[in-house]
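Below is one structure; the comments refer to it alone.
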Amino acid sequence: MTDPHTLTGAYALHALPDDERAGFERHLAGCPSCAREVEEFEAAAARLALASTVPVRPAMREEVLHRVGSVRQLTPGTTPVERVRRSKALGAAPARWALAACVAAAAVFGGTAVWQYDRAQDAQQRAARAERQASDLAGVLAAPDAKSRTVRVAGGTGTVVVSAQRDRAVFVSSKMPEPPKGKVYQLWFDDGGTMRDAGLMDPARASQSVLLKGPVDGASGVGVTVEPAGGSAKPTSAPVTVLSMPS
Amino acid sequence: MKEAVYIGRNPAAEPDLQQLLHEVALGDQEAFASVYDTVAGPVLGVVRAVLRDLAQSEEVAQDVLVEVWRTAPRYRPDRGTAINWILTLAHRRAVDRVRSVEAAAARDTKAALLDRTPEYDEVTEQVESRLEQEQVRRCLRTLTDLQRQSVTLAYYRGLTYREVAEALALPLGTVKTRLRDGLIRLRDCLGVTA
């Protein structure tokens, strides 16, 4: 077997047979330099595509736009969420067995095993919480009554999406600059001038969707401030942006 | 018939595409129409380069464009630009079609006929596309013959590297490295950044 690194070219050109592609994708997941190279090669290949641009029959536009009218979009849930869901559907029983085994072991090993059982339960609760959040987030974005408003935020954009029926809001950022070192973006509900903590954004990601903490509860807007890591109870700086709620 | 042919905007010079796709992800059909106008030409172009048959290419291109709508919420800007995401998808679907068995038989006979049907190749080409073609052609010339043949057989004919090796009577390992080295040269010549 040759060095899998050399497969980046064939992979980016879709020239790997299916069986080898699956194997290379497994390698790719743990090889950031390969992933980077594949991205660059795909960009180069896209130029080969652009060079082949052809005129399109005008009627095709209507056909595609018509089809799109009846095609449901995927929820923005990321692949890991899907995996969690699948494992819940297919793998719930083994997980319970594992816990039962922990409990059984607890009887034998006493304290340590009980601690492990707590940890396992804790991890399971965390996973359940993450899954619930992801599905709440997707639920807001896909809600029939969802409304959105977008503003420019420091070179990027921020969009607030609200579902009145669910009384929840999501903040979607795109290409926002990284906060200064040791700082985070914190989100707030604007209750008529009083800022209510609505959670933190992930400082490592320029584009992300965040389910705001707690109900909208009649808030008039959403604000974003830069706060010390960990967040603040009250804003300690002037907001980067304040969006009024979409209506 | 010239006015009946839709000429799209140049997607490479379209900084808004990312933003548009973001709006598409939120279910905005008007934004999707703008995305369509920007990418339909290149999408059909790459699919047709691989499939040759115009009717099949239109069918696959339409499916790709609908898939862009459907999967826009899963598009990750940190994994590459919007246009790269869309054109990678288009190429992937074209290659899938080429490799499906029943298409393979039909393709060769139909392609031979279509290659002699000039009207579609002779309709106006957009200026940007011609400039783009010039640059890509120039950069392809910086590759060695083996690199260029390997890359174009894989990309424009949808061959697997094994089939490329067979076609060029080269060892498998050689083709793998030619594909990679060829893309490195192409990337550097085109000044591509991911």
Just to check your reading of the model, which residue among A:SER220, A:SER209 is in contact with a helix residue (DSSP H, G or I) (Cβ under 7 Å, 6 or more places away or on another chain), closer than 22 Å to B:LEU26 by Cα and assigned by TED's automatic domain parsing to the domain that holds A:SER163?
A:SER209
List pairs: first in the range A:227-247 and under 25 Å from A:SER163 (Cα atoms), second part of a loop (DSSP other than H, G, I, E, B), Cβ under 7 Å, 6+ apart or cross-chain?
A:VAL240/A:ALA154; A:SER244/A:SER220; A:MET245/A:ALA219; A:MET245/A:SER220
Out of (1) at pLDDT 95 or above; (2) farther than 16 Å from B:LEU89 by Cα; (3) small (Gly, Ala, Ser), what's the single condition that is false for B:ALA61?
(2)
Please go through the range B:164-175 and give me each residue that is surrounded by fewer than 24 Cβ atoms within 10 Å (Cβ to Cβ) and part of a helix (DSSP H, G or I), ordered by number.
B:ALA165, B:GLU166, B:ALA167, B:LEU168, B:LEU172, B:GLY173, B:THR174
Quick one: would you say B:THR109 is surrounded by fewer than 18 Cβ atoms within 10 Å (Cβ to Cβ), of a type in the set (Val, Ile, Thr), modelled with pLDDT of 85 or more and more than 19 Å from the chain's Cα centre (by Cα)?
no
For the range A:1-78, list the helices (runs of 4 or more DSSP H) that sit wholly inside it and hold at least 3 residues that are free of Cβ contacts under 8 Å to residues at least 24 places away in the same chain; which are they?
A:18-29, A:32-50, A:58-68
Restricting the range A:194-247 to residues that are over 23 Å from the mean Cα position of the chain (by Cα) and basic (Lys, Arg), which is nearest to A:VAL172 (Cα to Cα)?
A:ARG196
Being closer than 18 Å to A:LEU65 by Cα, at the interface with chain A (Cβ under 7 Å from one of its Cβ atoms) and touching a residue at least 24 places away in the same chain (Cβ under 8 Å) is the requirement here; does B:ALA33 meet it?
no
Can A:VAL160 be described as at pLDDT 80 or above and not in a helix (DSSP H, G or I)?
yes
Any chance the range A:168-191 includes a residue that's aliphatic (A, V, I, L, M) and more than 25 Å from B:PRO77 (Cβ to Cβ)?
no
Can you pull out the residues in the range B:44-72 that are more than 8 Å from chain A (Cβ to nearest Cβ) and of a type in the set (Val, Ile, Thr)?
B:VAL47, B:VAL50, B:VAL60, B:VAL64, B:VAL68
The residue from A:ASP202, A:ASP190, A:ASP217 that alone is surrounded by fewer than 20 Cβ atoms within 10 Å (Cβ to Cβ), part of a strand (DSSP E or B) and among the charged types (D, E, K, R) is A:ASP190
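The values are calculated or read from the model by the stated rules, or taken from the named source; none is laboratory data. None of the values given here were measured: they were computed from a predicted structure. A quick note on method: Cβ atoms are made from the backbone with ideal geometry, for glycine too, and the neighbour counts reach across all protein chains shown.
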